[in-house]
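Participant: Here's a structure for you.
The values are calculated or read from the model by the stated rules, or taken from the named source; none is laboratory data. Computed from a prediction, not measured in an experiment: that's the story for all the values here. A quick note on method: Cβ atoms are made from the backbone with ideal geometry, for glycine too, and the neighbour counts reach across all protein chains shown. Side chains are part of the model used for accessible areas, which takes the heavy atoms of the whole protein and leaves out ligands, DNA and RNA. Shrake-Rupley method; radii C 1.70, N 1.55, O 1.52, S 1.80 Å.
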Amino acid sequence: MTLPSKWKTSSRLATAALLVVAAVWGSTFVVVQEAVSRMPVLDFLAVRFAVAAFVMIAIRPHCFRGMTRLGFARSTGLGLTLGLAYIAQTFGLQQTSAAISGFITGMFVVFTPLLSAVILRRKIGTNVWIAVALATAGLALLSLYGWSVGGGEILTLLCALLFALHIIGLGEWAGKHDVYGLAVIQIGFVAVISFAAGLPDGLTLPPDAATWAAVGLTAVFATAAAFLIQTWAQSLMSPARTAIIITMEPVFAGVFAVLFAGEHLTMRVIAGAALVLAAMLLVELKQAASPVGYRTGAVEPVEIAPDPVAITADFESIESA
């Protein structure tokens, strides 16, 4: 049985939207790097996520009305997981290099299908494992220059595990609750957790207009819009597929670094980017050719009910989320 064209169109749109998110995250790397050189990282995260939450609430003041108690509980858990991931990454980065941190953080692409198999007891397709291997090799070429294991690496590994859990949880629940409310609560909790983690050293606000501009840019585009898009996209695709697409972030970061930060394009960077791109194309081409569809949160494709009335109702419920 072939996939309805409406489902395929939504899936392709979700893929394109996630690629835009990865491009936005990659493009803001230099901006964030400059901002955190002027203020503590945790304080930057707290202000960035707080501004993002306030902007989203200002745009839609009644965004919590569609949220049930279960939705609040789940989005709180997702926000807690995401906030702890950022904190682990921040403290890990103090004890290891940015390149090593980038590679280990990117290992969420491996942990996502592994944890999906363990926690959700879902079979992982061969094409997913091949894509994971390609993406991991690509990330190593893009960011790995030497290796050592210490406290910083362990904390960053914890960060990758938490990012994977966040992707899995979002994939399971995004299609079951109001997407906008789910995104706002997650972002708000990251702000709260970051504020709490930074309190012992005192809160430092952005010291100048340039840093405030960086906060505004990352809050609106790389946080509010990006997490809203990710939440919506994950209501239409599996966590493993999401993780592989998001690994395009360091590829975009490298492209923008070459174009705007004066960095040199090496064969190693080109090869790493090609492997990550190949991983993404593998899962996308496999998805396009598959005669089955992805239910919300599924790692393996499952047969869609042949009842056209049920299918139509399912599509309408997803689009109204």
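Participant: Please verify whether ALA224 is in contact (Cβ under 8 Å) with a residue 60 or more places away in the chain, within 14 Å of the chain's Cα centre (by Cα) and either under 24 Å from LEU161 (Cα atoms) or assigned to a loop (DSSP other than H, G, I, E, B) (or both), treating the condition exactly as stated.
Facilitator: Yes, satisfied.
Participant: Still on this structure, I have one more. Answer with yes or no whether LEU144 is within 19 Å of VAL41 (Cα to Cα), more than 14 Å from the chain's Cα centre (by Cα), among the aliphatic types (A, V, I, L, M) and modelled with pLDDT under 95.
Facilitator: For LEU144, the condition - within 19 Å of VAL41 (Cα to Cα), more than 14 Å from the chain's Cα centre (by Cα), among the aliphatic types (A, V, I, L, M) and modelled with pLDDT under 95 - is not met.
Participant: Another question, if that's okay. Looking at the structure I just gave you, is ALA85 out of contact with any Leu (no Cβ under 8 Å at 6 or more places or on another chain), under 22 Å from VAL179 (Cα atoms) and crowded, with 22+ Cβ neighbours inside 10 Å?
Facilitator: no
Participant: Same structure again: Can you name every residue in the range 24-54 that is under 15 Å from the mean Cα position of the chain (by Cα) and open to solvent by 20 Å² or more (accessible area, probe 1.4 Å)?
Facilitator: Listed by number, the residues that qualify are VAL24, TRP25, SER27, PHE29.
Participant: Still on this structure, please answer the following. Are any residues in the range 168-212 in contact with a Lys or Arg (Cβ under 6 Å, 6 or more places away or on another chain) and under 25 Å from PHE91 (Cα atoms), and if so, which ones?
Facilitator: If the condition is that a residue be in contact with a Lys or Arg (Cβ under 6 Å, 6 or more places away or on another chain) and under 25 Å from PHE91 (Cα atoms), then PRO207, THR211 are the ones that fit.
Participant: I would also like to ask the following. Test ILE167 against the criterion of being on the phi < 0 side of the Ramachandran plot, free of Cβ contacts under 8 Å to residues at least 60 places away in the same chain and touching a Phe, Trp or Tyr at 6+ places or on another chain (Cβ under 9 Å), and give yes or no.
Facilitator: Considered against the rule, which asks whether it is on the phi < 0 side of the Ramachandran plot, free of Cβ contacts under 8 Å to residues at least 60 places away in the same chain and touching a Phe, Trp or Tyr at 6+ places or on another chain (Cβ under 9 Å), ILE167 comes out as no.
Participant: Go through the range 198-214 and give me each residue that's in a helix (DSSP H, G or I) and open to solvent by 30 Å² or more (accessible area, probe 1.4 Å).
Facilitator: Of everything in the range 198-214, those that are in a helix (DSSP H, G or I) and open to solvent by 30 Å² or more (accessible area, probe 1.4 Å) turn out to be LEU199, PRO200, ASP201, ALA209, ALA210, TRP212, ALA213.
Participant: Right, something else. Would you call VAL128 under 21 Å from the mean Cα position of the chain (by Cα), open to solvent by less than 70 Å² (accessible area, probe 1.4 Å), farther than 23 Å from THR81 by Cα and in contact (Cβ under 8 Å) with a residue 24 or more places away in the chain?
Facilitator: yes
Participant: Anything in the range 247-276 that is assigned to a helix (DSSP H, G or I) and free of Cβ contacts under 8 Å to residues at least 40 places away in the same chain? List them, or say none.
Facilitator: If the condition is that a residue be assigned to a helix (DSSP H, G or I) and free of Cβ contacts under 8 Å to residues at least 40 places away in the same chain, then VAL258, LEU259, MET267, ILE270 are the ones that fit.
Participant: May I pose another question? Give ILE244, ILE229, ILE168 a once-over and let me know the one that is in a helix (DSSP H, G or I), surrounded by fewer than 21 Cβ atoms within 10 Å (Cβ to Cβ) and within 11 Å of the chain's Cα centre (by Cα).
Facilitator: ILE229
Participant: Taking the range 88-101, which residues are buried (at least 19 other Cβ atoms within 10 Å of the Cβ) and assigned to a helix (DSSP H, G or I)?
Facilitator: If the condition is that a residue be buried (at least 19 other Cβ atoms within 10 Å of the Cβ) and assigned to a helix (DSSP H, G or I), then ALA88, GLN89, THR90, GLY92, LEU93, ILE100, SER101 are the ones that fit.
Participant: Quick test of your reading of the structure: LEU199 fulfils all but one of (1) modelled with pLDDT of 85 or more; (2) over 30 Å from HIS62 (Cβ atoms); (3) in contact with a helix residue (DSSP H, G or I) (Cβ under 7 Å, 6 or more places away or on another chain). Name the failing condition by number.
Facilitator: (3)
Matching residues to (1) among the aromatic types (Phe, Trp, Tyr); (2) at pLDDT 80 or above; (3) open to solvent by less than 40 Å² (accessible area, probe 1.4 Å):
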| position | (1), (2), (3) |
| --- | --- |
| PHE103 | yes, no, yes |
| THR112 | no, yes, yes |
| ALA137 | no, yes, no |
| ILE154 | no, yes, no |
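Participant: Continuing with this model, one more query. Could you look through the range 55-82, keep only residues that are basic (Lys, Arg) and part of a helix (DSSP H, G or I), and pick out the one that is most open to solvent (accessible area, probe 1.4 Å)?
Facilitator: ARG69
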